[in-house]
Amino acid sequence: MSIRLSDGRVIPMEMHKVRIVQKVTLPPMAYRLNAIAEAGYNTFLLPTRHIFLDMLTDSGTNAMSDNQLGAMMVSDDAYAGSESFTRLAAAVKDVLGFELCMPVHQGRAAEHLLAKVFVKPGSVVAMNYHFTTSRAHIELAGGTVLELLTDEGLRTASREPFKGNMDLDKLSAAIGQYGERIAYIRMEATTNLVGGQPFSMDNLRGVKEIASAHNIPLVFDASLISENAFLIKEREPAYRDCSIGEIIREQMGYVDIVYLSGRKSAAARGGLIATDNRSYFNRLLEWLPVYEGFATYGGMSTKEIEAMAVGLREMCETDVAGSAIQFIKYFVDRLEANGVPVVTPAGGLACHVDAKRFLPHLPQVQYPAGALAAAIYLASGIRSMERGTISTDRDQQGNEVLADLELARLAVPRRVYTMSHIEYAVDRITWLHRWRAQVGGLQFVEEPPVLRFFFGRLAPVGDWPQRLAEAFVKEFGAEC
Ligand code: F0G
């Protein structure tokens, strides 16, 4: 929740207390300069010992609750028929409303199975927007991704509350054009790569009507479902008085298959697929033991199954669903007030800095979002993630595909960081914005062919990291 102070300021409030802590250190500038060079200017390749605040992702990095940890202690380690699975299936039934579910080792494993069963060479999957792994699995199965986001969704400076909405006219036109080649429609809640932006209930209902009229399965990526539900409650007037649980259940009523990464809203690890359609379920289940594991563990440890079952229930509490969102909003609002270009309105998983507007002097082929992520690390010891052209693989002819957006993403793992951490991040990013002219581009030195952002190594164009470090040390000293 957020609290209004007597001076009128509204601040996010932690509705939990910290009982276990993990030490972090702030490596000084000389150390950071070395560390980012050793990591090939790719923040994925930084070891955590070189990092002060890890805002790479909210995936698998959330603080679990006492009840989640407690549940892990009583997990039932059976290869088949585990009681831990029974408890997960009960949580899926209660929270998502589906009778049939299967665990998978994480979200992308669900995407793999869905692509394996539904996508054939020539298939098209229509979606509000792609996620890196969802696109990779669809393309590896021979399909293509069709993004039908509303035009407003790609505008980084906006006041539109539901930038994750699918454009229903584009959907109808796509069905007219591709017909039976459309394997399924996929809605991602919240829409990760455009800034964790939610879609509305009204939009989902519209998508469902069109999907039903054409007999196309509707697949829902629920990795950040409780955040999307929280934003529906905040921004869609008809849902102001509904609970998070009620909003989630109504959404699930429109959906044929739901899948999720258990590493996000559910604050655990692993993932799952759920449906009420026995035929879909059986087709997916056939492949589960081949790629994941037996039906009652699906590649997950039973401890994590227990944690996910509790996490699914807890994410329906308003304070839990809003725990990261309130901090993200504070983070985004503070940066915006300081003149730093950020994605607005604040979304459901991170504060996203718009690198195209932050570094307008850099051409996109020099990877502004990657350069900004490297510069943020230098200026602060904070690890963010490039979400731009580096995260977009080349096309089949080997041509660079320029991403729609160039974002440096500062994820806010649930219940992990405090107000002073956020204030520090705001301060250093604001400082960097003043020195933005010093930040240069990057070029690949080692470039993997698939999901190149994970392991690719880059080098700076020129010696800008050194010059930026000198400016920093002049202002803050060598120890900061
Ligand atoms: N769908 C969405 C919307 C995601 O954000 C992710 C992961 C996945 C699917 C894949 O799930 O990682 O469990 O295999 N997002 C992470 C991130 C990696 O950092 O945003 P996974």
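Given 0.36 nm per residue, what is the gain on full extension from F455 to E152 after removing their alpha carbon distance, in nm?
Taking 0.36 nm per residue and subtracting the Cα distance, the gain is 105.9 nm.
Each label point is 7 Å from the Cα along the Cα-to-Cβ direction; what then is the distance between the points at A30 and D427, in nm?
Distance between the two pseudo-spin positions: 2.3 nm.
For the Cα atoms of the chain, what angle does the longest principal axis make with the long axis of helix 225-235, in degrees from 0 to 90, nearest 10?
Computed tilt is about 80 degrees.
Using θ = phi - 60° and the Karplus form 6.51 cos²θ - 1.76 cosθ + 1.60, what ³J(HN,Hα) does each residue of the range 294-299 get, whole Hz, x for Gly and Pro?
Coupling constants for the range 294-299: 4, 4, 9, 9, x, x Hz.
Whole number please: convex hull volume per residue, Cα atoms of the range 237-373, in Å³.
Spread over its residues, the Cα hull of the range 237-373 gives 178 Å³ apiece.
Where in the range 357-401 are there trypsin sites (Lys or Arg not before Pro) that are in a DSSP coil and have at most 16 other Cβ atoms within 10 angstrom of their Cβ?
Taking the range 357-401 and a limit of 16 other Cβ atoms within 10 Å, the loop trypsin sites (Lys or Arg not before Pro) found are R394.
Can you tell me the dipole magnitude for the chain around its Cα centre, using point charges on the Cβ only (Lys, Arg +1; Asp, Glu -1), in Debye to the nearest 20?
It works out to roughly 680 debye.
What is the dipole size for the range 105-213, taken about its Cα centre, with +1 at each Lys and Arg Cβ and -1 at each Asp and Glu Cβ, in debye to the nearest 20?
Taking the Cα centre of the range 105-213 as origin, the dipole is about 280 debye.
May I ask you to give the average projected area over all directions of the convex hull of the Cα atoms of the chain, in nm² rounded to one decimal?
22.1 nm²
Quick query: amide H of R186 versus all other amide H atoms, modeled in the peptide plane; which residues come in under 5 Å with a sequence gap of 5 or more or a different chain?
A126, M127, N128, V219
Report the semi-axes of the equivalent ellipsoid for the range 75-138 in whole Å, largest first, where each axis is √(5λ) for an eigenvalue λ of the Cα gyration tensor.
Calculated on Cα positions only, the semi-axes equal 29, 14, 11 Å.
For the charge dipole of the chain, defined by +1 on Lys and Arg C-beta atoms and -1 on Asp and Glu C-beta atoms about the Cα centroid, which residue among L272, Y377, S323 has the Cα displaced farthest towards the positive pole?
Most positive-ward Cα: Y377.
Estimate the FRET efficiency between D276 and Q364 by the formula 1/(1 + (r/R0)^6), using the beta-carbon distance for r and 35 Å for R0, to the nearest 0.05.
For R0 = 35 Å, the calculated efficiency reads 0.20.
Distance in nm between label sites at A213 and A80, each 7 Å beyond Cα in the beta-carbon direction?
According to this spin-label approximation, the distance is 4.7 nm.
At 0.36 nm per residue, and after removing the present C-alpha to C-alpha distance, how many nm does the segment from R283 to R19 gain when stretched out fully?
Computed gain between R283 and R19 is 90.6 nm.
Taking the Cβ-Cβ separation of E234 and A90 as r and a Förster radius of 22 Å, what is the calculated FRET efficiency to the nearest 0.05?
0.15
In deg cm²/dmol and to the nearest 500, what is the mean residue ellipticity at 222 nm of the chain if only DSSP H runs of at least 4 residues count, each as -39500 (n - 2.57), divided by the residue total?
My calculation for the chain gives -12000 deg cm²/dmol from helical runs alone.
Sequence neighbours fewer than 8 away in the same chain don't count; with that in mind, list the lysines whose C-alpha is under 18 Å from K303.
Cross-link targets: K264.
Can you give the extra length, in nm with one decimal, that the chain gains between Y178 and Q397 once fully stretched, where that is 0.36 nm per residue apart less the Cα-Cα distance?
Gain in length upon complete extension: 76.5 nm.
Points 7 angstrom from Cα along the Cβ direction at S420 and V10: gap in nanometres?
Result for the modelled spin labels: 2.6 nm.
Using the Kirkwood radius over C-alpha pairs as Rh, can you work out the diffusion coefficient of the range 66-319 via Stokes-Einstein at 20 °C, viscosity 1.002 mPa s, in µm² per second?
118 µm²/s
Amide H to amide H, which residues 5 or more places from L100 or on other chains are under 5 Å from it, using H placed in the peptide plane?
Counting only residues 5 or more places away or on other chains, the set is T275.
Here, each number is a calculation from the coordinates, and none is a lab measurement. Note that this is a predicted model, so its numbers are computed, not measured. A quick note on method: Cβ atoms are made from the backbone with ideal geometry, for glycine too, and the neighbour counts reach across all protein chains shown.
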